[in-house]
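**Student:** So that we are looking at the same thing, I have put the structure below in structure tokens.
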Amino acid sequence: MKLERLAPVITSLEPSNHPYLNGAWTPLHEEVNVDDLDVIEGAVPLDIDGLYLRNTENQVHQPLGRFHPFDGDGMVHQIDFHGGRASYRNRFVRTRGFEAEQEAQGSLWGGLADPVALARRPGYGAHGALKDSSSTDIVVHAGKALSTFYQCGEGYRLDPLTLEPLGIESWTPIDGISAHPKVDEATGEMMFFNYSKYPPYMHYGVVDRTNKLVTYIPVPLPGPRLPHDMAFSANYSILNDLPVFWDQELLKRNIHAVRLHEGIPSRFAIVPRHGSAQDIRWFEAAPTYVLHWLNAYEDGDEVVLDGYFQEDPMPRPHKNAPAGFEHMMAYLDEHSFRSKLHRWRFNLKTGKTSEAHLDDRVMEFGMFNQRYAGRKYRYVYSTTSKPGWFLFTGFVKNDLETGESWSFDLPEGVYASEAPFAPRIGARDEDDGYLVSFLMDENTGRSECVLIDAKRIQDGPVCRIALPHKLCSGTHSCWADRSQLSAG
Ligand SMILES: [Fe+2]
């Protein structure tokens with residue numbers, strides 16, 4: 001193992017008892033390059049060739065108010081598998097906000113849980129008073145990595161191999177890009193959306209495989225909404241207008257309070273991939289909130305969409321949380337929301353929706369083989385979480401054809417990150433590959449990367465690779481085969 005440390009970033013963060021600034025959520029500030037990582041168990045497989053990229057929130061400065069874990073500065077972690085060896089590197093996303101706070105040597109913006117008046121500079125995104133941390137999601141499109149922010153920030157491009165910054169994406173619209181742009185590996189296109197407080201409140205776009213914005217259309221909504229994710233089938237993109245959004249009366253006073261609006265259904269916009277606003281068809285469904293979708297595909301007259309249906313999108317504050325964190329902790333707990341694997345079917349002929357749970361366990365942050373994106377698929381890999389916490393404790397594989405499922409639980413005190421599917425070289429079956437995840441081990445204070453054979457997830461990791469420092473828990477990740485790095 002050869003380790004190179006970069007010059008440290010300036011940090012003003014002080015110790016605290018914040019539940020999401022300690023333990024597996026302790027921010028990491030160190031940036032390193034490591035060649036030839038040490039293997040703890042098994043061997044680095046020769047039959048994968050590509051990158052696992054993961055974005056995390058790592059708070060650099062002392063918060064101005066009450067820190068929320070989605071406020072932390074974006075950091076991209078990359079592990080590169082090639083020829084039976086693995087290397088690792090990590091870098092902060094050098095956003096405008098990150099650079100401004102490095103210069104100021106302290107926080108300039110409040111966070112999601114703070115009043116807007118805390119911001120010392122104009123903010124970014126739909127909220128308008130937050131720092132664009134580019135900390136939520138990462139995809140590889142047109143041969144480059146793209147990190148994004150859930151409140152609709154600018155698109156930050158990085159070299160996926162070196163993690164060197166390549167600047168702000170020139171086609172970023174004025175309303176920004178939400179987290180969860182979706183890449184269709186079959187065409188190389190990337191679908192995205194944004195949302196804002198101003199009419200038409202949502203837009204949808206497509207960027208082609210050469211990184212040219214080719215479609216950008218309004219998706220008019222009745223008012224400001226808070227969509228988080230989108231999906232696509234081979235011919236359609238699916239956007240959502242769900243009844244969980246900022247209280248409209250409070251918003252007039254610039255107070256951002258999210259609530260379930262009783263009596264309003266969920267609505268789904270189905271739009272041809274390169275369609276116009278006139279082509280949008282709306283479907284109604286049971287009220288809920290959905291943080292993340294899985295795949296979508298066309299089946300006869302129907303568009304099928306899978307995702308995680310929240311049974312309680314407005315959970316009660318957690319009584320047992322540390323004082324002052326009761327509300328925040330409830331809203332970070334999948335067991336509060338009771339998010340369940342769910343399928344919606346939108347009939348394009350009748351305009352009707354049918355829907356049902358596919359599993360009754362609490363799950364979220366699901367992955368599937370991206371080669372099947374937009375097509376009929378069979379396997380979903382979800383994460384399970386620790387009740388009360390935003391911490392991943394294991395994985396469930398669902399066979400959507402037979403209804404069978406398999407699961408793997410991590411040991412107590414060991415937490416995973418979102419685990420995308422890495423197909424084996426020459427794979428024939430949909431589940432011929434590995435789940436790739438970083439672990440945060442609170443028992444040893446260390447992190448590792450694990451590979452789990454997707455055909456037998458119940459057996460646990462087939463390879464464990466030591467990482468040079470303990471990572472912070474975070475949100476989203478992706479797998480990119482090496483062939484995708486030269487696209488565009
Ligand atoms: Fe997300």
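The values are calculated or read from the model by the stated rules, or taken from the named source; none is laboratory data. Predicted, not measured: the structure shown is a model, and the values here were computed from it. No Cβ is skipped: glycine too gets one built from the backbone with ideal geometry, and neighbour counts run over all protein chains shown. Heavy atoms of the whole protein, side chains included, go into the accessibility calculation; ligands, DNA and RNA do not. Shrake-Rupley method; radii C 1.70, N 1.55, O 1.52, S 1.80 Å.
**Student:** If a residue must be within 16 Å of the ligand (Cβ to nearest atom), in contact with a strand residue (DSSP E or B) (Cβ under 6 Å, 6 or more places away or on another chain) and farther than 23 Å from residue 299 by Cβ, how many such residues does the stretch 226-241 contain?
**Tutor:** Going through the stretch 226-241 one residue at a time, the tally reaches 2.
**Student:** Just to be sure, is residue 316 basic (Lys, Arg), surrounded by fewer than 23 Cβ atoms within 10 Å (Cβ to Cβ), touching a strand residue (DSSP E or B) at 6+ places or on another chain (Cβ under 7 Å) and in a loop (DSSP other than H, G, I, E, B)?
**Tutor:** no
**Student:** Which one of 291, 226, 260 is touching a Phe, Trp or Tyr at 6+ places or on another chain (Cβ under 9 Å) and either farther than 23 Å from residue 331 by Cβ or open to solvent by 40 Å² or more (accessible area, probe 1.4 Å) (or both)?
**Tutor:** Unique residue meeting the criteria: 291.
**Student:** From the list 6, 13, 28, which residue is modelled with pLDDT of 95 or more and either at positive phi or open to solvent by less than 30 Å² (accessible area, probe 1.4 Å) (or both)?
**Tutor:** 28
**Student:** Taking residue 88 as the residue in question, decide whether it is away from the ligand (no atom under 16 Å from the Cβ) and either at pLDDT 95 or above or touching a Ser or Thr at 6+ places or on another chain (Cβ under 7 Å) (or both).
**Tutor:** Yes; evaluated as a whole, the condition is true for this residue.
**Student:** While we're looking at this one, here's another question. Tell me, which strands (runs of 3 or more DSSP E) wholly within the stretch 131-203 include 2 or more residues that are in contact with a Leu (Cβ under 8 Å, 6 or more places away or on another chain) and more than 16 Å from the ligand (Cβ to nearest atom)?
**Tutor:** In the stretch 131-203, 144-148, 156-158, 165-168 are the strands (runs of 3 or more DSSP E) which contain 2 or more residues that are in contact with a Leu (Cβ under 8 Å, 6 or more places away or on another chain) and more than 16 Å from the ligand (Cβ to nearest atom).
**Student:** Hey, another quick one. Considering only strands (runs of 3 or more DSSP E) fully contained in the stretch 1-116, which possess at least 3 residues that are touching a Gly at 6+ places or on another chain (Cβ under 7 Å)?
**Tutor:** The qualifying strands (runs of 3 or more DSSP E) are 50-58.
**Student:** For the stretch 319-360, give me each residue that is among the β-branched types (Val, Ile, Thr) and in a loop (DSSP other than H, G, I, E, B).
**Tutor:** Hit for the stretch 319-360 is 350, nothing else.
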